[in-house]
Amino acid sequence: MEWWLHVGLLCIPLLAVYLHIPPPQLSPALNTWHSSGHFFTFRGNNVFYKESVGIVGSSDVLLLLHGFPTSSYDWYKIWDSLTQRFNRVIALDFLGFGFSDKPRPHRYSIFEQASVVEALVAHLGLSEQRINILSHDYGDTVALELLYRSDHNRSGHVTINSLCLSNGGIFPETHYPRFVQKVLKDSGFISPVLTRLINFQLFSRGIGDVFGPYTQPTEAEFWDMWTGVRINDGNLVMDSILQYINQRLKHRERWVGALTSTSTPLHMIYGPLDPVNPHPEFIQLYRKLVQRSTVSVLDEHVSHYPQLEDPTGFFNAYLSFINSF
């Protein structure tokens, strides 16, 4: 019997068992995040967002864009600090992530996620407001599409006051996706099987690999991340969402071009231990191509999730940028 048939026969009972494993219960912390948020509808899908009204006497608005495969909860360690600087702090779960709907089958794209953000800004009555954007990872590319639309005065666009990126694979040539990501995005008809076989152990090992050895999430934090994925069967849409890696390559000229030609104030906060966007290759290319941007390189132990690994350093770097203009 062929080896692949053996593997297939072994997978069937595993799959049957896995399909009956319910998603984890929300932790108290995650439940608090969820209950303090709201939903709005985008093309028939519910999108989760959280908003805090912070400092009085300021009109500054901050919009936070999270990475893959996590959610708006990525910002919880610096949320309170941000509300002490901004009048309104807003974060959303992109379609297919966190508490938002995760339709399938569905062609997930960076363009659609940018439209989700525009719809949220309009929903909140902020279309005429200049918005500061702070993004991470996947959110960096969504931010670059928003930047392109803003600079080209596309209808319904977000007017960007400033943009701060962090540890995103914005240059395909210096981006090294994880093995599981490559397998999921390129495996065609096998991908739906693979997405069903991802469990907490595999997930936490994969996420742990992009954190520094001294800045690893706690067991509870790993579970919160995994819970965010499993809500609404989000593990089953990972292969579709991961097509963003191919989209970055296809639309490199549009998104990198937006970054290099804009007059919007730019900053990059970078955790240098990042295996996905490695040092010094990534930051050297960024400095070469994006000469108008300032850069903050954090402690050498900080990796791909700088806002979670070094929240104080991350917040201070962002504060220095936002107070500089």
Open item on the list: Can you pull out every residue in region 205-215 that is part of a helix (DSSP H, G or I) and open to solvent by 20 Å² or more (accessible area, probe 1.4 Å)?
Closed with: R205, G206
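Consider T195 carefully, then state whether it is surrounded by 14 or more Cβ atoms within 10 Å (Cβ to Cβ), of a type in the set (S, T, N, Q) and under 30 Å from S296 (Cα atoms).
no
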TODO: Give the residues of region 166-180 that are open to solvent by 30 Å² or more (accessible area, probe 1.4 Å) and within 14 Å of D137 (Cβ to Cβ), sorted by residue number.
DONE: Y176, R178
Task: Subset tally (residues that are open to solvent by 30 Å² or more (accessible area, probe 1.4 Å) and not in a helix (DSSP H, G or I)) for region 223-242 - done: 0
Task: Residue check, R292 touching a strand residue (DSSP E or B) at 6+ places or on another chain (Cβ under 7 Å), of a type in the set (K, R) and open to solvent by 40 Å² or more (accessible area, probe 1.4 Å) - done: yes
Task: Single condition F99 does not satisfy, out of (1) under 30 Å from I283 (Cα atoms); (2) within 14 Å of the chain's Cα centre (by Cα) - done: (1)
Open item on the list: Looking only at region 17-37, how many residues end up being of a type outside the set (S, T, N, Q), at pLDDT 95 or above and more than 18 Å from K102 (Cβ to Cβ)?
Closed with: 2
Task: Subset of region 54-78 (residues that are free of Cβ contacts under 8 Å to residues at least 40 places away in the same chain, in contact with a helix residue (DSSP H, G or I) (Cβ under 9 Å, 6 or more places away or on another chain) and over 24 Å from F203 (Cα atoms)) - done: G54, I55
Open item on the list: Given the criteria under 24 Å from S296 (Cβ atoms) and part of a helix (DSSP H, G or I), does L202 qualify?
Closed with: no
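Here is a yes/no grid of residues against (1) open to solvent by 20 Å² or more (accessible area, probe 1.4 Å); (2) among the basic types (K, R); (3) closer than 30 Å to T195 by Cβ:
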site	(1), (2), (3)
Y244	no, no, yes
R254	yes, yes, yes
M268	no, no, no
D274	no, no, yes
N277	no, no, yes
S303	no, no, yes
Task: Number of positions in region 280-289 that are in contact (Cβ under 8 Å) with a residue 12 or more places away in the chain and either open to solvent by 30 Å² or more (accessible area, probe 1.4 Å) or among the β-branched types (V, I, T) (or both) - done: 4
Open item on the list: Of everything in region 102-119, what is at pLDDT below 95 and either within 14 Å of V142 (Cα to Cα) or surrounded by 23 or more Cβ atoms within 10 Å (Cβ to Cβ) (or both)? Give them in sequence order.
Closed with: none
TODO: Answer yes or no: is there a residue in region 120-139 that is basic (K, R), surrounded by fewer than 16 Cβ atoms within 10 Å (Cβ to Cβ) and over 25 Å from S320 (Cβ atoms).
DONE: no
Task: Where G313 falls short, out of the listed (1) in contact (Cβ under 8 Å) with a residue 24 or more places away in the chain; (2) in contact with a Pro (Cβ under 9 Å, 6 or more places away or on another chain); (3) buried (at least 16 other Cβ atoms within 10 Å of the Cβ); (4) in a helix (DSSP H, G or I) - done: (1)
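Going by what's in this entry, would T218 be described as of a type outside the set (G, A, S) and open to solvent by less than 40 Å² (accessible area, probe 1.4 Å)? It would help to see each step written out before you state the result.
On the way: of a type outside the set (G, A, S): yes; open to solvent by less than 40 Å² (accessible area, probe 1.4 Å): no.
No: the conditions fail for T218.
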TODO: Go through region 259-272 and count every residue that is over 20 Å from H66 (Cα atoms) and in a helix (DSSP H, G or I).
DONE: 2
- [ ] List every residue pair whose Cβ atoms lie under 9 Å apart, where the two residues are 6 or more positions apart in sequence or sit on different chains, the first residue falls within region 24-53 and is touching a residue at least 60 places away in the same chain (Cβ under 8 Å), and the second residue, located anywhere, is basic (K, R) and part of a strand (DSSP E or B).
- [x] H34/K50; G37/K50; E51/R88
TODO: Give the residue that is nearest to N31 (Cα to Cα), with candidates limited to residues of region 49-101 that are of a type in the set (S, T, N, Q) and open to solvent by 20 Å² or more (accessible area, probe 1.4 Å).
DONE: S52
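The values are calculated or read from the model by the stated rules, or taken from the named source; none is laboratory data. Computed from a predicted model, the values in this text were never measured in an experiment. Reconstructed Cβ throughout: ideal geometry from the backbone, glycine too, with neighbour counts over all protein chains shown. For accessibility, only protein heavy atoms count, side chains too; no ligands or nucleic acids. Shrake-Rupley method; radii C 1.70, N 1.55, O 1.52, S 1.80 Å.
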